[in-house]
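These notes are about the structure you will find just below.
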């Protein structure tokens with residue numbers, strides 16, 4: 001004996017609502033042969049809809065076995081069940097469940113799209129089916145433009161699109177008038193004659209009596225099962241033509257997902273426009289701000305370059321470092337000699353080294369800087385409180401110190417005024433005479449305020465025990481003559497040292513400040529971009545979450561017609577990407593327009609391809625990231641649950 005087409009063995013189905021368990025099917029067993037016309041009848045709450053969902057692989061039983069062509073489907077995963085629905089089943093629903101944004105022909109094509117059927121082939125097949133069902137002049141009509149009977153015929157055409165070996169009709173006449181109901185039942189009878197296995201779920205006895213076999217269920221169990229007419233020729237199912245590309249289970253191509261996305265977005269145009277505004281504002285602000293910011297930065301650098309650097313930094317060459325790291329070439333007298341040259345405003349010798357500071361019970365490791373009074377002018381660094389060291393302090397080897405703000409806050413955390421206090425530097429008492437204003441981190445990230453400044457002579461004699469200095473900073477009077485001055489200084493040092501043992505670098509605190517400002521501006525613009533695009537991304541997530549909620553039944557229909565988890569995921573991610581891409585493109589255009597207007601008004605603007613590409617790429621990435629969670633939520637819906645949503 002051959003296996004029946006469908007065999008249910010001791011099927012149980014229990015629904016859980018928190019701790020409450022409700023069993024709907026109680027050990028139901030049933031065989032259905034290929035080619036039968038079966039009606040399953042029962043009152044509301046009898047379990048017939050649950051049975052249909054299990055038969056159509058829209059839901060799974062909690063107990064028992066379901067054999068389809070002898071294969072136990074409990075071993076199949078979600079995508080394999082989708083492939084089974086795509087190959088075997090066609091669904092005709094009471095409420096038609098057509099996609100409102102698609103035409104009649106596009107609705108019929110849906111199962112073939114997920115089967116991977118080429119566009120031309122599926123369009124011809126859909127048109128042929130609709131023409132056969134007397135809807136040839138309604139191909140481009142949307143569901144709202146069709147009567148109830150016409151919508152049900154579209155639903156039947158969709159069920160037949162991939163062959164529909166088993167047609168499951170759930171209350172197919174329930175929403176129709178009597179004449180339309182008769183026409184639908186006649187169509188089901190004609191489909192049966194062609195070899196389809198027809199299973200009608202109904203509560204109406206007059207509909208059930210039209211079937212060859214009537215199964216009545218009550219309270220989740222079969223009450224009666226009677227065959228009124230002989231089962232037709234069993235070879236009839238073999239005559240069915242399977243209109244499906246086996247193994248091609250993905251959407252035929254990405255363009256189909258894009259087309260469906262445009263239809264879905266067009267259906268809620270106003271909401272889509274509001275979402276686009278978030279992306280447009282984010283991208284345009286990034287493009288405009290980067291253009292204005294880089295233009296301003298370039299303008300500042302151009303001005304600085306036009307002014308020229310007015311500082312020179314003199315260091316010993318690398319060959320003059322001892323193994324201990326101390327410097328042996330430059331001496332304070334070199335600075336005095338350099339100061340005699342024309343165009344030299346100041347020459348500031350410095351010696352630095354690590355020292356231990358102590359005040360009260362606080363020990364702190366910091367950097368000591370021995371220097372001269374002109375230090376503040378050369379470094380453009382002012383004293384915030386108190387006084388700076390003077391020439392008398394240098395001449396008398398005075399043990400006085402000026403603190404950087406970091407050192408002051410560390411040694412005096414209670415906010416006490418340090419002026420006049422004594423601090424131990426390498427166990428030697430120094431009187432604090434001033435506190436420098438805060439300068440912050442340097443371009444290399446070092447804290448410039450973590451320093452204690454003392455007279456050069458005192459540092460050499462009492463702290464470091466040496467006569468040489470580490471650097472000499474030279475400030476020139478005329479920046480245009482800086483190259484000449486540099487050559488003069490180099491020649492002077494070569495004569496004094498009788499060797500080429502120093503190196504001079506053009507350097508200025510202004511350039512450091514510009515670098516620091518540029519980094520801050522870049523961070524600021526990046527923050528603006530991140531916030532703007534974040535707002536746009538939240539808008540994308542919002543529209544997608546709302547879309548998933550509103551289109552839950554559509555998702556169920558797509559799953560019933562064979563869409564896999566990946567197909568649903570791709571569909572909704574594509575919609576998010578389409579919104580982001582459109583918003584990104586419009587945002588780029590708007591940002592460039594704002595830049596052009598700003599340039600017209602005299603603002604320095606610098607357009608480049610990199611910020612534009614970055615802004616558009618960020619918009620695209622925003623759509624992908626923020627669209628993923630709603631898409632994932634949609635792809636994980638159960639078909640039966642999705643179809644039953646309101």
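The values are calculated or read from the model by the stated rules, or taken from the named source; none is laboratory data. Computed from a prediction, not measured in an experiment: that's the story for all the values here. Virtual Cβ from ideal backbone geometry, glycine too; neighbours counted across all protein chains shown.
Side notes on the structure shown:
- Which listed residue is surrounded by 21 or more Cβ atoms within 10 Å (Cβ to Cβ) and under 38 Å from the mean Cα position of the chain (by Cα), from 87, 153, 142, 158: 158
This table checks each residue for (1) more than 29 Å from residue 567 (Cβ to Cβ); (2) in a strand (DSSP E or B).
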site	(1), (2)
2	yes, no
10	yes, yes
15	no, yes
23	yes, yes
29	yes, yes
67	no, yes
74	no, no
87	no, no
98	no, no
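- Residue within segment 389-406 that is closer than 30 Å to residue 481 by Cβ, touching a residue at least 60 places away in the same chain (Cβ under 8 Å) and either within 53 Å of the chain's Cα centre (by Cα) or in a strand (DSSP E or B) (or both) present: no
- Only one of the numbered conditions (1) surrounded by fewer than 24 Cβ atoms within 10 Å (Cβ to Cβ); (2) more than 24 Å from residue 171 (Cα to Cα); (3) at pLDDT below 90 is not met by residue 128, and that is (3).
- Residue match in segment 421-444 (condition: assigned to a loop (DSSP other than H, G, I, E, B) and free of Cβ contacts under 8 Å to residues at least 12 places away in the same chain): yes
- Condition check for residue 43 on (1) assigned to a loop (DSSP other than H, G, I, E, B); (2) surrounded by 15 or more Cβ atoms within 10 Å (Cβ to Cβ); (3) in contact (Cβ under 8 Å) with a residue 24 or more places away in the chain: one failure, at (2).
- Some residue of segment 422-430 being within 55 Å of the chain's Cα centre (by Cα) and more than 24 Å from residue 457 (Cβ to Cβ): no
- The number of residues in segment 356-372 being more than 54 Å from the chain's Cα centre (by Cα) and surrounded by fewer than 17 Cβ atoms within 10 Å (Cβ to Cβ) comes to 0.
- Inspection of segment 67-81 finds a residue satisfying the criterion of being buried (at least 18 other Cβ atoms within 10 Å of the Cβ), under 33 Å from the mean Cα position of the chain (by Cα) and on the phi < 0 side of the Ramachandran plot.
- Residue ID - surrounded by the fewest Cβ atoms within 10 Å (Cβ to Cβ), chosen from residues in segment 373-405 that are over 17 Å from residue 459 (Cβ atoms) and out of contact with any strand residue (DSSP E or B) (no Cβ under 7 Å at 6 or more places or on another chain): 382
- Here the condition is being outside the structural domain of residue 551 (by TED's automatic domain parsing), surrounded by fewer than 17 Cβ atoms within 10 Å (Cβ to Cβ) and within 30 Å of residue 138 (Cα to Cα); of 17, 95, it holds for 95 alone.
- Listed conditions (1) under 22 Å from residue 212 (Cα atoms); (2) surrounded by 21 or more Cβ atoms within 10 Å (Cβ to Cβ); (3) at pLDDT below 90 are all met by residue 176, apart from (1).
- Filter pass, residue 430 being in contact with a helix residue (DSSP H, G or I) (Cβ under 7 Å, 6 or more places away or on another chain) and at pLDDT 95 or above: no
- Put simply, of 76, 130 the only residue that is within 19 Å of residue 159 (Cβ to Cβ) and free of Cβ contacts under 8 Å to residues at least 60 places away in the same chain is 130.
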